Amino acid sequence: MAKKRISKTAKRRLTLFGTLSLIAIVYFGLSFLYNIYTINNLDKEKKELENYYVQLQEEFDQLKKYKEKLEVSDEEKENYIRENYSYVKPGEYKLKIEEIEEEVDNISNEINKNYIVLGFSVLIILIFLYIIFKGRSKKK
């Protein structure tokens, strides 16, 4: 089979258009890869910004609650200060109910112990009296 001869102009055209086609393919390929890389980076940045937005929203909610706490009446503020910081006005006395309850419990425990001891003492005295009177009644 005989080879076909390609003319010089066809070779030049093929070289020129082949090179241009190759450059265009490489350019579009690199542009496509760069755009994919950029999209991935933008997705990461979007997620980071969404997380940051959620954090800011939570902080905003906390500050809003704090602001609402600060906007209460003077009487509520005074009650809060009295309860949490043991504040007393001049001429007032502060009673700590917890300490009083503990003292009452201690005293009632001591009283209960005293009653138990007293009960056993009375029981022992009654037993001795019974033995003594029974012994006398047998002697007669």
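Could you check which residue among 54, 104, 122 shows the biggest mean-square fluctuation in a GNM of the chain with a 10 Å Cα cutoff?
122
Of the listed values (1) 2, 6, 5, 5, 4, 5, 5, 4, 5, 4, 4, 4, 4, 4, 4, 4, 3, 3, 3, 3, 3, 2, 2, 2, 2, 1, 1, 1, 1, 1, 1, 0, 0; (2) 2, 10, 18, 23, 20, 12, 7, 4, 2, 1, 0, 0; (3) 2, 11, 24, 27, 23, 11, 2, 0, grab the one calculated as P(r) over Cα pairs in 5 Å bins from 0, in percent from the structure here.
Correct label, based on the coordinates given: (1).
Which one, 27, 7, 123, is farthest towards the positive end of the dipole of the chain when Lys and Arg carry +1 and Asp and Glu -1 on their Cβ?
7
So if I place +1 on the C-beta of Lys and Arg and -1 on the C-beta of Asp and Glu, and nothing else carries charge, what would the dipole magnitude of the chain be about its Cα centre? I want it in debye, nearest 20.
On the way: 25 positive and 22 negative charges, 443 e Å.
Its charge dipole is roughly 2120 debye.
Using θ = phi - 60° and the Karplus relation 6.51 cos²θ - 1.76 cosθ + 1.60, list the HN-Hα couplings for the stretch 108-114 in order, rounded to whole Hz, with x at every Gly or Pro.
5, 5, 5, 4, 4, 5, 4
Given the options 53, 85, 115, which has the most mean-square fluctuation in a GNM of the chain, springs set between C-alpha atoms less than 10 angstrom apart?
Its mean-square fluctuation being the largest, the pick is 115.
Can you tell which of 100, 39, 116 shows the greatest fluctuation in a Gaussian network model of the chain with Cα springs below 10 Å?
Per the Cα network of the chain with a 10 Å cutoff, 116 tops the list.
I need 105, 74 ordered by Cβ neighbour count within 10 Å, fewest first.
Numbers: 105 10, 74 7.
The most exposed by this proxy come first: 74, 105.
To the nearest 10 degrees, how steeply does helix 74-85 sit against the main Cα axis of the chain, on a 0 to 90 scale?
Tilt of helix 74-85: around 70 degrees.
Which residues' amide hydrogens lie under 5 Å from the amide hydrogen of residue 87, considering only partners 5 or more residues apart or on another chain, with H built in the peptide plane?
82
Each reported figure results from applying straightforward, stated rules to the coordinates on display, with no laboratory input. These numbers come from a predicted model, not from an experiment. So basically every Cβ, Gly included, is an ideal-geometry build from the backbone, and we count neighbours across all protein chains shown.
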